[in-house]
Amino acid sequence: MASLRDLKARISSTSNTKQITKAMEMVSASKLNKAEDNAKAFVPYMEKIQEVVASIASGNIDVDHPMLISRPVKKTGYIVITSDRGLAGPYNTNVLRKLYQTIEERHQSKDEYVIIPIGKVGRDFCKKRELPIAHEITGLPDQPNFAEIKDIANYAVNMFSSEEVDELNLFYNHFISAISQEVTETKVLPLNDIDVGEKQSSMYEYEPNQEQILETLLPQYAESLVYGALLDGKASEHASRMTAMRNATDNAEDIIDELTLSYNRARQAAITQEISEIVSGAAALE
Amino acid sequence: MKTLTVSVVTPDGPVLEESYDMVSVRAEGGELGILPGHIPLVAPLTISAVRLKKQGNTDYVAVSGGFLEVRPDKVTILAQAAENPSDIDVDRAEAAKQRAEERLNETKSEEIDFTRAKSALQRATNRLEVANNK
């Protein structure tokens, strides 16, 4: 059995860890709240843009824009959203595992795909496995705004329009609730399956014409898809970290309980031993 | 008198939602004035100031591109960035303007940098104009 002093040291170190994980849990909880607000603020923009895109796409079958047409896929681009820091439970592992499996399944050689990692963990993962990286972005703040993601979204959309890649997919953790997130793959480009929804009642006039509108509208739409996924991913990250830290705190509590029990037992044993020593010492004197 | 509900929405959240008598914008095809009862319309916007008129007063909003969606009683402006005059960081816009001007002088040769610097300059100038107009 460990000595009293060892036990005491372990109890105090575990309770230090517990304090830290508890603090991190609370920090993540407040960040999660903010991230959810951000995601909510984004919804009206996304809905509106979707509505306009859908009404143009549904009203006129004869519009063609390179972004609406699927071409034979020679090269695929993958955007993968991860965090910059660990300690987020299965958050990064899940999304990276899914990415890796998908790549193994779909591609034979490294010329067939290219990856755009967002976040340090994703970048390091790709570097370590020598996967082709087209562009990377790290050090995004916890509450990103659109300006910060615009560059990479723009870059990805340009890669598609310059025919460098023929398909653009997005991997991220979709936020369902604070305790559950789901790895999701969505296709960003080509935009050939826009959800038209119910038939729009109002038909629009286009000024100057549809082609020009699609020219500005579609890249903006594609970029906002990426931004939406990022907000979703951030919310999941904070939720996942919060859960992981709560589990860590609970575990620390369990360990402390166990250690305290054995500490008390050891203390009791030492006292009992001392008493019996005194008693037997006294008995020897008689 | 009939009014229009104007809402300006960006990816970072709604910027403005209010009723106005008239909306003037600078679209890619030229100036557009929208009054209540306009037919449904979609038009891309240039980097410019949107002017919103209500009972003789004019409010300005700086938009960085995006587009305009008009319904008979509602105007929605979707832009990647938009600010009310009071929200504009004048110092930052000033700095951005200077940066863009320097870059324009340096990189006349490279097409992409040039276009980017030019639109950065436009955005900065636009913000400054709107901020001074309030």
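Hydropathy first: keep DSSP H helices in chain A averaging at least 0.0 on Kyte-Doolittle, then drop any whose Cα extent along the axis falls short of 15 Å, and list what survives. Don't skip to the answer; put the middle values down first.
On the way: long enough: A:4-59 (79 Å, -0.30); A:91-106 (23 Å, -1.13); A:146-161 (21 Å, 0.38); A:210-285 (110 Å, -0.17).
Those that pass (Cα extent of 15 Å or more, hydropathy at least 0.0) are A:146-161.
Note down the Stokes-Einstein diffusion coefficient of the range A:151-286 in µm²/s, whole number, using a Kirkwood radius over alpha carbon pairs, 37 °C, and 0.692 mPa s. Before the final figure, lay out each step's value.
Values: Rh = 21.3 Å.
Approximately 154 µm²/s, per Stokes-Einstein.
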Virtual spin-label span in nm between B:E31 and B:D91, 7 Å along Cα→Cβ: 3.6
Stokes-Einstein D for the protein assembly as shown, Kirkwood Rh over Cα pairs, 25 °C, 0.890 mPa s (µm²/s): 98
Based on the Cβ-Cβ distance from A:L261 to A:A41, what FRET efficiency comes out when R0 is 30 Å, to the nearest 0.05? 0.05
Sorted peptide list for A:13-21, A:31-39, B:61-69, criterion being average Cβ within 10 angstrom, highest first: B:61-69, A:31-39, A:13-21
Take B:T58 and A:E148, extend 7 Å from each Cα along the Cα→Cβ direction, and tell me the distance between the two endpoints in nm. 3.7
In deg cm²/dmol, rounded to the nearest 500, the helical mean residue ellipticity at 222 nm of chain B, built from -39500 (n - 2.57) for every DSSP H run of length 4 or more, is -10500 deg cm²/dmol
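Could you compute the net charge surrounding A:K31? Neighbours are other residues with a C-beta less than 9 Å from the C-beta of A:K31; K and R count +1, D and E count -1.
Within the 9 Å Cβ shell, the charges total +1.
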Radius ratio Rg over Rh of the range A:25-243, counting only Cα atoms, Kirkwood formula for Rh: 0.98
Inverse of <1/r> over all distinct C-alpha pairs of the range A:44-150, i.e. the Kirkwood Rh in Å, gives 16.4
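Quote to one decimal, in nm, the extra length available between A:N247 and A:K34 on full extension: 0.36 nm per residue of separation minus the C-alpha distance between them.
Full-extension gain reported as 74.5 nm.
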List the relative contact order of the range A:25-243 as a percent without decimals, with contacts defined as Cα pairs under 8 Å and 6+ residues apart. 34
Taking B:M22, A:M159 and ranking on accessible area (1.4 Å, protein atoms only), highest first, one gets B:M22, A:M159
Ellipsoid semi-axes in whole angstrom, largest first, where each is sqrt(5λ) of the Cα gyration tensor of chain B: 29, 16, 11
Any idea what Rg and Dmax come out to for the range B:22-74 if you just take the C-alpha atoms, in Å? 10.6, 28
Which Cα, out of B:V75, B:L16, A:P72, lies furthest along the positive dipole direction of the protein assembly as shown (beta carbon charges, K/R +1, D/E -1)? B:L16
Nearest 500 deg cm²/dmol is fine: what mean residue ellipticity at 222 nm does chain A get from its DSSP H runs of n ≥ 4 alone, each adding -39,500 (n - 2.57), divided by its residue count? -22000 deg cm²/dmol
Taking only Cα atoms and a 10 Å spring cutoff, compute GNM fluctuations for chain A and point out the largest among A:L214, A:L168, A:L230. A:L214
Given contacts defined as C-alpha pairs under 8 Å and at least six residues apart, what's the relative contact order of the range B:4-83, whole-number percent? 34
For B:I34, the residues 5 or more places away or on another chain with a placed amide H closer than 5 Å to its own amide H are B:V23, B:S24, B:V25
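Percent relative contact order of the range B:29-125, based on C-alpha pairs within less than 8 angstrom and at least six residues apart?
Numbers: 128 pairs, mean separation 21.0, N = 97.
Computed over the range B:29-125, the figure is 22 percent.
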Extension gain from A:T17 to A:K48, taking 0.36 nm per residue of separation minus the Cα-Cα distance: 6.5 nm
Residues listed by number, the range A:234-257, amide nitrogen under 15 Å from A:R10 label point at 7 Å toward C-beta: A:252-257
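The values are calculated or read from the model by the stated rules, or taken from the named source; none is laboratory data. Here the structure is a predicted model, which is why all the values come from computation and not from measurement. Using ideal geometry, Cβ is built from the backbone for each residue, glycine included, and neighbour counts are taken over all protein chains shown. What goes into the accessible areas is simple: the full protein's heavy atoms, side chains included, and nothing from ligands, DNA or RNA. Shrake-Rupley method; radii C 1.70, N 1.55, O 1.52, S 1.80 Å.
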